[in-house]
1. Considering only segment 68-84, I want to know if a residue exists there that is over 11 Å from the mean Cα position of the chain (by Cα), in contact (Cβ under 8 Å) with a residue 12 or more places away in the chain and surrounded by fewer than 12 Cβ atoms within 10 Å (Cβ to Cβ).
2. Which residue pairs have Cβ atoms closer than 9 Å, lie 6 or more positions apart in sequence or on different chains, and pair a first residue in segment 26-43 that is free of Cβ contacts under 8 Å to residues at least 12 places away in the same chain and part of a helix (DSSP H, G or I) with a second residue that is of a type outside the set (S, T, N, Q) and exposed (fewer than 12 other Cβ atoms within 10 Å of the Cβ)?
3. Which of the residues that make up segment 44-65 are without any contact (Cβ under 8 Å) to a residue 12 or more places away in the chain and either crowded, with 16+ Cβ neighbours inside 10 Å or aliphatic (A, V, I, L, M) (or both)?
4. For segment 26-67, how many residues meet the condition of being within 23 Å of N94 (Cβ to Cβ) and not hydrophobic (A, V, I, L, M, F, W, C)?
Amino acid sequence: MEESLVTNGFRYYQFFSGALLVENLIIALIFLRFWKKANDRFFGFFSFAFGIMGLERLLLVLGDVVKETSSAIYILRLFAFLLIIWAVIDKNKNASRA
């Protein structure tokens, strides 16, 4: 019985990781569309960051990793969040010059 609980927990983890993967990729595509329409780097940075977060989830789902302790996963997340921070700083810097 104990093993079935672990197996079911892993299946739920994969299911929700897959849902987050799809969600991140959809958000990336939405920001990509905004970037093409507005030609604003802010949306391009956000699109790339959410694409990286989708890649991180893909690696977790395909890698059969329950614990997210891999340094590669954290480096991808760190890069995505730093990219978002950079986009906000860059947008505010450009707005103050105008």
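Read-outs: derived from the displayed coordinates by stated rules, not from any lab. Please read these numbers as outputs of a predicted model, since none were measured by experiment. When we count neighbours, we look across all protein chains shown, and the Cβ atoms used for this are built from the backbone with ideal geometry, even at glycine.
1. Checking segment 68-84: at least one residue is over 11 Å from the mean Cα position of the chain (by Cα), in contact (Cβ under 8 Å) with a residue 12 or more places away in the chain and surrounded by fewer than 12 Cβ atoms within 10 Å (Cβ to Cβ).
2. Correct list of pairs: empty, since none qualify.
3. L62, V65
4. Going through segment 26-67 one residue at a time, the tally reaches 9.
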